[in-house]
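K.L.:
What follows is a single structure, and I will ask about it in a moment.
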Amino acid sequence: MKKTIIAAAALLMSAGAFAADNLTVSDLATNKDSKAAFSKMVKGHKLPAWVSKGGTSTPAKTVKIGDTEYQVLSACKPHNCSAERVAVLWSEKSQTMSGLFSAVNEKSDKETLTWLNVGDALSIDGKTVLYSALSGSLENHPDAFNF
């Protein structure tokens, strides 16, 4: 019986970790636990529908900024990743979310960055992590972004 309970607990813990690894930006937009924070983050900004309905996603990474642990997620416009991308910092513990939306004008080759709900607590470090998620630096150097 004891072995069965331990096996069940291990299975539940691994399922939770699997869920965190598969968390997407669109999950944050629709999940009951994060939907309010997502709405606050995008309030006042006109973002494309794919951001909340599902883009091409990368696995979530965990970073620590100060005393707070965040999940960092990124996604891009399906079939045109170079044109539009989004990165999100999500703290389940504090129920806070910040983001960065990037749009590239393909004719002029200029990138426009839209910062989403980045407060003073995240200012420079949060912006660094968000941009690194879009540029690929976070993926290439995951341990370099804990502040």
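The values are calculated or read from the model by the stated rules, or taken from the named source; none is laboratory data. Values in this document were obtained by computation on a predicted structure and should not be read as measured data. Glycine also receives a Cβ, built like all others from the backbone with ideal geometry; neighbour counts cover every protein chain displayed.
K.L.:
Could you say which residue among 132, 74 is part of a helix (DSSP H, G or I), surrounded by 16 or more Cβ atoms within 10 Å (Cβ to Cβ) and of a type in the set (Ser, Thr, Tyr)? Walk me through it before giving the result.
P.N.:
Numbers: 74 fails: part of a helix (DSSP H, G or I).
That would be 132, the only listed residue that is part of a helix (DSSP H, G or I), surrounded by 16 or more Cβ atoms within 10 Å (Cβ to Cβ) and of a type in the set (Ser, Thr, Tyr).
K.L.:
Going by the conditions given, is residue 111 free of Cβ contacts under 8 Å to residues at least 24 places away in the same chain and either closer than 18 Å to residue 133 by Cα or touching a strand residue (DSSP E or B) at 6+ places or on another chain (Cβ under 9 Å) (or both)? It would help to see each step written out before you state the result.
P.N.:
Details: free of Cβ contacts under 8 Å to residues at least 24 places away in the same chain: yes; either closer than 18 Å to residue 133 by Cα or touching a strand residue (DSSP E or B) at 6+ places or on another chain (Cβ under 9 Å) (or both): yes.
Judged against the criteria, residue 111 is a match.
K.L.:
Looking at the stretch 96-105, can you tell me whether even one residue there is under 15 Å from residue 147 (Cα atoms), within 9 Å of the chain's Cα centre (by Cα), assigned to a strand (DSSP E or B) and touching a residue at least 40 places away in the same chain (Cβ under 8 Å)? Even if it seems obvious, please write down each step before you answer.
P.N.:
From the stretch 96-105, those under 15 Å from residue 147 (Cα atoms) are none; that's our starting set.
The answer is no; no qualifying residue exists.
K.L.:
Then there is this: Looking at the stretch 123-138, which of its residues are under 18 Å from residue 59 (Cβ atoms) and more than 14 Å from the chain's Cα centre (by Cα)?
P.N.:
Narrowing the stretch 123-138 to residues under 18 Å from residue 59 (Cβ atoms): 129-130, 132-138.
The answer is 137, and nothing else.
K.L.:
Restricting to the stretch 53-71, name every residue that is within 12 Å of the chain's Cα centre (by Cα), assigned to a strand (DSSP E or B) and either of a type in the set (Ser, Thr, Tyr) or surrounded by fewer than 22 Cβ atoms within 10 Å (Cβ to Cβ) (or both).
P.N.:
57, 61, 62, 70, 71
K.L.:
Identify the residue in the stretch 77-95 that is in a loop (DSSP other than H, G, I, E, B) and hydrophobic (A, V, I, L, M, F, W, C) and, among all such residues, is farthest from residue 45 (Cα to Cα).
P.N.:
Initially, the stretch 77-95 is screened for residues in a loop (DSSP other than H, G, I, E, B), giving 77-83, 92-95.
With the extra rule that they be hydrophobic (A, V, I, L, M, F, W, C), the set shrinks to 81, 83.
Values: 81: 20, 83: 18 Å.
The selected residue is 81.
K.L.:
Which pairs turn up if I take residues in the stretch 46-61 that are touching a residue at least 12 places away in the same chain (Cβ under 8 Å) and under 14 Å from residue 83 (Cβ atoms) and look for partners that are of a type in the set (Phe, Trp, Tyr) and surrounded by 15 or more Cβ atoms within 10 Å (Cβ to Cβ) with beta carbon separation below 9 Å, at least 6 apart in sequence or on another chain?
P.N.:
47/101; 48/101; 51/101; 56/50
K.L.:
Do the conditions hold for residue 30, that is, is it within 14 Å of the chain's Cα centre (by Cα), surrounded by fewer than 18 Cβ atoms within 10 Å (Cβ to Cβ), under 16 Å from residue 139 (Cβ atoms) and at pLDDT below 95?
P.N.:
Working: within 14 Å of the chain's Cα centre (by Cα): yes; surrounded by fewer than 18 Cβ atoms within 10 Å (Cβ to Cβ): yes; under 16 Å from residue 139 (Cβ atoms): no; at pLDDT below 95: yes.
When the stated conditions are applied, residue 30 does not pass them.
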